[in-house]
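All remarks here apply to the structure that follows.
The values are calculated or read from the model by the stated rules, or taken from the named source; none is laboratory data. Just so it is clear, the structure is predicted and the values come from calculations on it, not from any experiment. All Cβ positions, glycine included, derive from the backbone under ideal geometry; neighbour counts span all protein chains shown. What goes into the accessible areas is simple: the full protein's heavy atoms, side chains included, and nothing from ligands, DNA or RNA. Shrake-Rupley method; radii C 1.70, N 1.55, O 1.52, S 1.80 Å.
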Amino acid sequence: MTLTTPADRATQTAGVAYAGGAYLLWGVLPLYFLLLAPTGPWEVVAWRVLLSFVFCGILLTVTRGWKALGAIMRQPRLLGWTALAGVLIYVNWQVFLIGTLTGHVVETSLGYFINPIATVLLGVFVLKERIRRLQWAAIGIAAVAVVVIVLFYRSFPWIALSLTASFGVYGLIKKKIGPAVDAISGLTLESFWLIPIAVVQLIVVATTPAGITMGQYGAWHAALLAFAGVATAVPLLLFAAGTRRIDLTVIGMIQFVTPVMQFIIGAAVLGEPMPLERWLGFIIVWIAIVVFVIDLLLAARRGRRQARHELL
């Protein structure tokens, strides 16, 4: 049998807690961003970028991580990857905010339901990984779901597919960078590259009739908006801490917490329309997820059996 020490169990428990905390926070983010009204999505993302950079700077100071950041900055290849990751996470943040603040929380949940399956596809075509038959089945079923939504609901799910693509490729880049860039340094650099974009967005927002809302709607609203940096950085750091401690199989199952919560918030709490055609598309997606999770469980069981066999 496989022997696990108390230290191993404690590490795994901590990993589940970290990853679970990250996905729970991501799940309730739509409610937080809705509290920021009347601030629009372009201004929110600009503050999110700038305040994330400030928060990461504080963390680097507290954890004495400036030396590690300096080592990364002396490697042009890593800087290039962090810049590309920054662009992708910017697209993800901006699309997510547009979806959330324009009454499309349900569609954002669809993007994150599909994301794990899209990640597998990226592994096949980019990393040349081999996948199992059940994984191919899940991919096929998810593709059918997208077609159903487009044809019957008569609405191209650009928000969902943009979120899937941006976060999927972002994860691929983080995997390629690997341990060469720690979580805090990575987010610091990603935010740094986006500062010019954030500044331009604030300038453009300032020229609109509504103008910059920071400080215009009372101390409570200003405090909530200032919290955007923490709300952005903390889940990403918890996620990084969790993935270092538990298997990817466990992460794969925990990550569905976020889209489930977002779907409930959009459909039940915010009352977004769910006609029969949209229900049909989501049901097909959920079938794909069931197939995907079954494959993960079977793979984990085979892995445990192989480990026991090797011990014997």
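Residue by residue, here is whether (1) of a type outside the set (Lys, Arg); (2) open to solvent by 40 Å² or more (accessible area, probe 1.4 Å) holds:
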{"residue": "PHE55", "(1), (2)": "yes, yes"}
{"residue": "ARG64", "(1), (2)": "no, yes"}
{"residue": "ILE72", "(1), (2)": "yes, no"}
{"residue": "LEU78", "(1), (2)": "yes, no"}
{"residue": "LEU84", "(1), (2)": "yes, yes"}
{"residue": "ILE89", "(1), (2)": "yes, no"}
{"residue": "TRP93", "(1), (2)": "yes, no"}
{"residue": "ILE98", "(1), (2)": "yes, no"}
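All conditions in (1) within 25 Å of VAL257 (Cα to Cα); (2) open to solvent by less than 40 Å² (accessible area, probe 1.4 Å); (3) among the charged types (D, E, K, R) hold for LYS174, with the sole exception of (2). Each residue in the stretch 233-256 was checked for being under 12 Å from TYR23 (Cα atoms) and open to solvent by less than 50 Å² (accessible area, probe 1.4 Å), and 12 pass.
Of the conditions (1) aliphatic (A, V, I, L, M); (2) touching a Cys at 6+ places or on another chain (Cβ under 9 Å); (3) open to solvent by 30 Å² or more (accessible area, probe 1.4 Å), ILE212 fails just one. Which one is it? With (1) aliphatic (A, V, I, L, M); (2) touching a Cys at 6+ places or on another chain (Cβ under 9 Å); (3) open to solvent by 30 Å² or more (accessible area, probe 1.4 Å) applied to ILE212, the lone miss is (2). For ALA267, state whether it is open to solvent by less than 40 Å² (accessible area, probe 1.4 Å), without any contact (Cβ under 8 Å) to a residue 24 or more places away in the chain and hydrophobic (A, V, I, L, M, F, W, C). No; evaluated as a whole, the condition is false for this residue.
Quick one: which residue in GLY103, GLY70, GLY140 is outside any helix (DSSP H, G or I) and modelled with pLDDT of 85 or more? That would be GLY103, the only listed residue that is outside any helix (DSSP H, G or I) and modelled with pLDDT of 85 or more. Name the residues in the stretch 150-166 that are more than 13 Å from GLY99 (Cβ to Cβ) and under 12 Å from the mean Cα position of the chain (by Cα), would you? Selection gives ALA165 alone. In the stretch 278-299, the condition of being open to solvent by 30 Å² or more (accessible area, probe 1.4 Å), at positive phi and free of Cβ contacts under 8 Å to residues at least 12 places away in the same chain is met by no residue. The residue that is nearest to the chain's Cα centre (by Cα), counting only those in the stretch 32-53 that are more than 27 Å from SER185 (Cβ to Cβ), among the aliphatic types (A, V, I, L, M) and open to solvent by 30 Å² or more (accessible area, probe 1.4 Å), is LEU34. Of the candidates ALA118, ALA83, the single residue that is hydrophobic (A, V, I, L, M, F, W, C), farther than 26 Å from ARG278 by Cβ and not in a loop (DSSP other than H, G, I, E, B) is ALA83.
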